[in-house]
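Asks: Quick one: the structure is below, and I'll ask about it shortly.
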Amino acid sequence: MAASKASIPRQSPPSGGPPVSPLAVPPAWLPLAWLACAVIGLIGFGVTLTVTASTVVHTPGAPTAVATVHVAMLAFLSTAVLGASHQFGPVVAGRRLRSVTAGLITMLLWVPASWLLPFAFATRRPALLEVAGVLAGSAVCLAAWNLSGPLLRRGRGTPVLGLRLAIVFLVVTAAFGVTYAFDLHHGYFLLLPRRVLAHAHLGLIGWIGLAYVAVAEKLWPMFLLAHRPSTAAGDWAVRLVAGGVPVVAVGLLIPSEPLTSIGAGIVVAGLTAHLVSLAGVIRHRRRRMELLHAYVLTSAVMLIVAVWAAAIAGMFDVSTAVRTRAIQTEIFALTMWLGLAVIGHLHKIVPFISWSRMRAAGHTKAPNGRPLLFAHLVHAPAARAAYATAVVAAASGAAGMAGGHVLAIEICGVALAITGLIVIVNLTSGPLRIVANDRRAARAEPEPDPATTTDTPTPVAVS
Amino acid sequence: MGTPITEADIERVDAALHEVYDPEVGLDIMTMGLIYRLEAGMEKVIIDMTLTTPGCPVSDSLPEEARQAAARALDPGGDDRVNLEVVWDPPWSPEMIDDDALAELGYRRVTN
């Protein structure tokens, strides 16, 4: 399009505030390190699920099954969301983290804790569990303090509000978990199934789920270039999920079935609003659908599966065995709702972050000599392969949990591990290839010939 | 009194902006229609630029890259001869991309 000579009034952006100050963006290594650890967590989840598949089916309360769940929640999902929050919070709020160093220390506390805690569960070592609890609790406190810098900024819309509330749920979930880690010696609180469920729903829906519901309201319109007439559905989604989760948790803890049902109804209304928001973004999109949207839509299907499974467990008069499988299916489907969303968005977010870092380091061209684009940092067929294996994992895992099929869950575990391997190789090899190419090109450049340079005086021949 | 901006300066800046690419779409910012105004002021080139969305991840780097490209095209002293502002009205839409690029990218025109 040719440059217009027409005078156009200059205005501030209509929504979302002014462009982000460069000072607000944390250094690329911080979110990238977090996200790399999260993908390793995904691989770990796949491996542990494969190894513990039989236990997960037959004795879901056994320590090794609990360990597997915690690898998924801590090493994979929470690590990914914490990492994304360290990038997304400052960028969207337009205010930097309180401390980048604190972000690094948080990661150094969190990542070991996210592996140590499942290990302690699996090997039944209460002392290790307490150590992991201290590490995780410290990391959560540090993250809450650090992220409160950007997230307490007012007037930044639903995404920041939702992320702020999600951090509150993270603190509550961690306090819950750490209490039980220390209580293992004393047994003040019996680890009743309804208490475990309260802990699980606070973490899965209140912390990770709400964070995704909130962040999606920023990312979806951006990636789909959707100019929606209204953001009401997304606004409702955040408020209803945030309002419903505490009611569910209290209802489970008291216990009060009516309260749990009311809370569940509010949460389901919020998640439905989240899906309505997704439908609105897709309807008003200005770009064709791409791989990210396949991830997001498959993730939405898993959310619907989770709601149905929860309904079967909570509303129908079924046997204990069926209820147990329904709850397992619900927890797994919620995990994959969030897991698929994380994996899909990684293929967008990591190239965004890497691109800026690479250009700052002088890598501005693709191997074909054209300007470096995001597309040069991701191998598209590999990304599609990762989607295929992730879908296999989601489908076989859900079927395995619902039907009690060990083999299906083993397939799910292997598929998850393969997905993680593909993702990490794909997202790291793209930038490395560009860097290697630039180094080769630099080595291949001939040394300047002093005789041909204009700055150097040409020697005068002496006869 | 500085050097006045000439038509030749504008043409050089126009060409320079054709070399600044949107890193996600892979089109230059002129073809994308992100440059709303490019004209000669008294002593500066005036550029009004937008971004695809306010939350665009390159909202820092792309305008700065465009400003630097324009400044290089105006050397010497180009840094002081460019006045680039990011504007948001009217909001950018794919209609601002030229037809061939639009079809190639698979963007959708608004029909309602």
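Asks: I'm told A:Arg323 meets every condition in (1) more than 27 Å from A:Val66 (Cβ to Cβ); (2) of a type in the set (Lys, Arg); (3) part of a helix (DSSP H, G or I) except one. Can you identify the failing condition by its number?
Replies: Of everything listed in (1) more than 27 Å from A:Val66 (Cβ to Cβ); (2) of a type in the set (Lys, Arg); (3) part of a helix (DSSP H, G or I), A:Arg323 misses just condition (1).
Asks: Is it the case that some residue within segment A:184-195 is assigned to a helix (DSSP H, G or I), open to solvent by less than 60 Å² (accessible area, probe 1.4 Å) and closer than 30 Å to A:Arg286 by Cβ?
Replies: No: zero hits.
Asks: Any residue in segment A:264-289 that is open to solvent by less than 50 Å² (accessible area, probe 1.4 Å) sitting within a Cβ distance under 7 Å of a residue that is among the polar types (S, T, N, Q)? List the pairs, counting only those 6 or more apart or interchain.
Replies: Final answer for the pair search is A:Arg286/B:Ser93.
Asks: Output the residues belonging to segment A:286-303 that are of a type outside the set (Val, Ile, Thr) and assigned to a helix (DSSP H, G or I). Break it down stepwise before answering.
Replies: Filtering segment A:286-303 for residues of a type outside the set (Val, Ile, Thr) gives A:286-295, A:297, A:299-300, A:302-303.
The answer is A:Leu291, A:Leu292, A:His293, A:Ala294, A:Tyr295, A:Leu297, A:Ser299, A:Ala300, A:Met302, A:Leu303.
Asks: Out of segment A:44-66, which residues are buried (at least 21 other Cβ atoms within 10 Å of the Cβ) and within 21 Å of the chain's Cα centre (by Cα)?
Replies: Result: A:Gly44, A:Phe45, A:Gly46, A:Thr48, A:Leu49.
Asks: Next up: Just one of the numbered conditions (1) part of a helix (DSSP H, G or I); (2) more than 21 Å from A:Gly44 (Cβ to Cβ); (3) not β-branched (Val, Ile, Thr) is not true of A:Arg96; which one?
Replies: (1)
Asks: Oh, and also: Of all residues in segment A:228-241, which are modelled with pLDDT of 90 or more and outside any helix (DSSP H, G or I)? Reasoning before the result, please.
Replies: Here is the first cut: in segment A:228-241, the ones modelled with pLDDT of 90 or more are A:231-241.
Selection gives A:Thr231 alone.
Residue-wise test of (1) surrounded by 21 or more Cβ atoms within 10 Å (Cβ to Cβ); (2) in contact with a Leu (Cβ under 9 Å, 6 or more places away or on another chain); (3) within 12 Å of A:Pro431 (Cα to Cα).
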site: A:Pro351; (1), (2), (3): yes, yes, yes
site: A:Ser356; (1), (2), (3): no, no, yes
site: A:Arg370; (1), (2), (3): no, no, no
site: A:Ala375; (1), (2), (3): no, no, yes
site: A:Pro381; (1), (2), (3): no, no, no
site: A:Val391; (1), (2), (3): no, yes, no
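Asks: While we're on this one: In the list A:Leu225, A:Leu219, which residue meets the criterion of being within 14 Å of chain B (Cβ to nearest Cβ), under 24 Å from A:Pro31 (Cβ atoms), at pLDDT below 95 and under 16 Å from the mean Cα position of the chain (by Cα)?
Replies: A:Leu219
Asks: Using the structure shown, decide if A:Val318 is open to solvent by 10 Å² or more (accessible area, probe 1.4 Å), more than 14 Å from chain B (Cβ to nearest Cβ), in contact with a helix residue (DSSP H, G or I) (Cβ under 7 Å, 6 or more places away or on another chain) and modelled with pLDDT of 95 or more.
Replies: Values: open to solvent by 10 Å² or more (accessible area, probe 1.4 Å): yes; more than 14 Å from chain B (Cβ to nearest Cβ): yes; in contact with a helix residue (DSSP H, G or I) (Cβ under 7 Å, 6 or more places away or on another chain): yes; modelled with pLDDT of 95 or more: no.
In short, no.
Asks: If only one of A:Leu97, A:Leu128, A:Leu142 is open to solvent by less than 20 Å² (accessible area, probe 1.4 Å) and either out of contact with any Ser or Thr (no Cβ under 9 Å at 6 or more places or on another chain) or in contact (Cβ under 8 Å) with a residue 40 or more places away in the chain (or both), which one is it? Spell out how you get there, then give the answer.
Replies: Details: A:Leu128 fails: open to solvent by less than 20 Å² (accessible area, probe 1.4 Å); A:Leu142 fails: open to solvent by less than 20 Å² (accessible area, probe 1.4 Å).
Only one candidate qualifies: A:Leu97.
Asks: Report yes if some residue within segment A:403-414 is surrounded by 21 or more Cβ atoms within 10 Å (Cβ to Cβ), farther than 29 Å from A:Ala313 by Cβ and of a type in the set (Val, Ile, Thr); otherwise report no.
Replies: Checking segment A:403-414: not a single residue is surrounded by 21 or more Cβ atoms within 10 Å (Cβ to Cβ), farther than 29 Å from A:Ala313 by Cβ and of a type in the set (Val, Ile, Thr).
Asks: Anything in segment B:73-89 that is modelled with pLDDT of 85 or more and loosely packed, with under 14 Cβ neighbours inside 10 Å? List them, or say none. First the steps, then the outcome.
Replies: So the first thing to find is which residues in segment B:73-89 are modelled with pLDDT of 85 or more, and the list is B:73-74, B:80-87.
B:Asp80 - this is the single residue of segment B:73-89 that is modelled with pLDDT of 85 or more and loosely packed, with under 14 Cβ neighbours inside 10 Å.
To keep it simple, each residue is scored yes or no on (1) under 17 Å from A:Val392 (Cα atoms); (2) within 14 Å of chain B (Cβ to nearest Cβ).
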residue: A:Ala311; (1), (2): no, no
residue: A:Arg325; (1), (2): no, no
residue: A:Thr329; (1), (2): yes, no
residue: A:Leu340; (1), (2): yes, no
residue: A:His347; (1), (2): no, yes
residue: A:Phe352; (1), (2): no, yes
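Asks: If you go through segment A:304-314 one residue at a time, do you hit one that is free of Cβ contacts under 8 Å to residues at least 24 places away in the same chain, out of contact with any His (no Cβ under 6 Å at 6 or more places or on another chain) and open to solvent by less than 50 Å² (accessible area, probe 1.4 Å)?
Replies: Yes.
Asks: Identify the residue in segment A:82-94 that is hydrophobic (A, V, I, L, M, F, W, C) and open to solvent by less than 20 Å² (accessible area, probe 1.4 Å) and, among all such residues, is nearest to A:Ala36 (Cα to Cα).
Replies: We begin by selecting, within segment A:82-94, every residue hydrophobic (A, V, I, L, M, F, W, C); these are A:82, A:84, A:88, A:91-93.
Subsequent filtering for residues that are open to solvent by less than 20 Å² (accessible area, probe 1.4 Å) retains A:82, A:92-93.
Working: A:Leu82: 12, A:Val92: 22, A:Ala93: 24 Å.
Checking each candidate, the answer is A:Leu82.
The values are calculated or read from the model by the stated rules, or taken from the named source; none is laboratory data. No experiment lies behind these values; they were computed from the predicted model shown. All Cβ positions, even for glycine, are placed from backbone atoms using ideal geometry, and neighbour counts span all protein chains on display. The protein model used for the area step is the full one, side chains on, heavy atoms only, and it has no ligands, DNA or RNA in it. Shrake-Rupley method; radii C 1.70, N 1.55, O 1.52, S 1.80 Å.
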